[in-house]
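Here is the structure we will look at, set down as structure tokens.
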Amino acid sequence: MTAEIVPGLRALGMNEYAASVYSTLVGLQKATARDIHEVSGVPPRGRIYEILNDLTRRGGFIAVEEGSPPPLTTCSTSTWSSTGSKKTTPAPSTRPARR
């Protein structure tokens, strides 16, 4: 996890969990929700999906790629820090299909 960016993310209005999840994804560069959960330590795992969906809806923070489970990446910080947010089309859900 890239813990040193958490205070800056908190200053942008993210709560502690969202900042931890996002900073973990920054450190991993590309990961699934499960990977982010395991590294970030944000409990419970279901909460990760809520946070990721919220960051995706906000726009400009997380990009969801095609795949199963869908890999997630961060958007460039210049994309959202210079404009405040970027409108993107959120994925229907980052939650993997149940078997």
**Report entry** Candidates per GluC sites (Glu not before Pro) in the range 1-67, loop by DSSP, up to 10 other Cβ within 10 Å
**Finding:** 65, 66
Query - Compactness of the range 16-72, expressed as Rg and Dmax over alpha-carbon positions, Å - result: 10.0, 28
Query raised in the report: Based on Cβ point charges of +1 for Lys and Arg and -1 for Asp and Glu, what charge dipole magnitude is obtained for the range 3-83 about its Cα centre, in debye rounded to the nearest 20?
Result: 120
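The numbers here are math on the coordinates, done by the rules we state, and not lab data. Bear in mind the structure is a predicted one, so any value in this text is a computation, not a measurement. Please note: Cβ atoms are built from the backbone with ideal geometry, for glycine as well, and neighbour counts cover all protein chains shown.
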